[in-house]
Amino acid sequence: MSQGPLIATIKQLILHLGLVLLLYPSASQAYVWILIDTDNSVLKVMNHNQVIDSMEDISLGRGGVTDLHIKGDDKTPRGEFSIIRINHDSKFHTFFEINYPTTYHAQLALDQGIIDKNTYTKIRLQQNTSGTAPRNTKLGAYLGIHGIGNGDIEVHQAFNWTNGCVALTNEQITQLSKWLKIGTKVVIE
């Protein structure tokens, strides 16, 4: 029994797949994610565990970094998130919203008595069905990664100035835009 035609077909498929990946590199970017190193004020674009781009001198929340952001505390929350919305017409140049609060954050808030069981359930259900969270809880919302818009670059370089978001220069957020899409994983640590 000859396997010649089958092997030739497999070789053609492999060659075709290789050409597709060369012509459409985004197909090979399925494991791109964002790592935000709050200790060193660096945002890293990762492909698996390899750094493929890096942006320094990012700004964080003026209240510092925390495990649990509470509406109005101006703190950047640690955790694992996903990009849920992209606004290219933002007053901050471009805004990539993350899915804060996650179920993990809601559990922390419930355990600490910050939210009640009904609010926890509402957050958990909405996260499980749509990947988003209610925007009207004590934990706040509208957190993400953005540029500075018409803000002062000197303030950005000198201070952590946001209400809990991660801010980059407008040039950096434009550079980052090529890597981000809805669903991209964002880890803030």
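The values are calculated or read from the model by the stated rules, or taken from the named source; none is laboratory data. This structure is a prediction, so every number in the text was calculated from the model and none was measured. Note: ideal-geometry Cβ built from the backbone for every residue, glycine included; neighbour counts use all protein chains shown.
Checking I114 against (1) of a type in the set (A, V, I, L, M); (2) surrounded by fewer than 20 Cβ atoms within 10 Å (Cβ to Cβ); (3) over 20 Å from M55 (Cβ atoms); (4) at pLDDT below 95, which test does it fail?
(4)
Which of the residues that make up region 139-163 are touching a Leu at 6+ places or on another chain (Cβ under 8 Å) and not in a loop (DSSP other than H, G, I, E, B)?
I145, H146, T162 - these are the residues of region 139-163 that are touching a Leu at 6+ places or on another chain (Cβ under 8 Å) and not in a loop (DSSP other than H, G, I, E, B).
May I ask you to verify whether V51 is surrounded by fewer than 18 Cβ atoms within 10 Å (Cβ to Cβ) and assigned by TED's automatic domain parsing to the domain that holds E97?
The answer is yes for V51.
Return the residues of region 110-138 that are outside any helix (DSSP H, G or I) and either of a type in the set (S, T, N, Q) or not assigned by TED's automatic domain parsing to the domain that holds H69 (or both); say none if nothing qualifies.
Q112, T132, N136, T137
Select from region 71-101 the residues that are in a loop (DSSP other than H, G, I, E, B) and touching a residue at least 60 places away in the same chain (Cβ under 8 Å) and write down the one among them that is nearest to N150 (Cα to Cα).
So, considering only residues that are in a loop (DSSP other than H, G, I, E, B) and touching a residue at least 60 places away in the same chain (Cβ under 8 Å), the one nearest to N150 (Cα to Cα) is F92.
Results for (1) modelled with pLDDT of 95 or more; (2) under 16 Å from the mean Cα position of the chain (by Cα), shown as yes or no for each residue.
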position: Q157; (1), (2): no, no
position: N160; (1), (2): yes, no
position: G164; (1), (2): yes, yes
position: S177; (1), (2): yes, yes
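Taking the condition of being assigned to a loop (DSSP other than H, G, I, E, B), of a type in the set (G, A, S) and in contact with a Cys (Cβ under 9 Å, 6 or more places away or on another chain), how many residues in region 31-70 meet it?
0
Have a look at T94, T119, T132 and point out the one that is surrounded by 19 or more Cβ atoms within 10 Å (Cβ to Cβ), in contact with a strand residue (DSSP E or B) (Cβ under 9 Å, 6 or more places away or on another chain) and of a type in the set (S, T, N, Q).
When all the criteria are applied, what remains is T94.
For G149, are the conditions met, namely being on the phi > 0 side of the Ramachandran plot, in the same structural domain as E56 (by TED's automatic domain parsing) and loosely packed, with under 13 Cβ neighbours inside 10 Å?
No.
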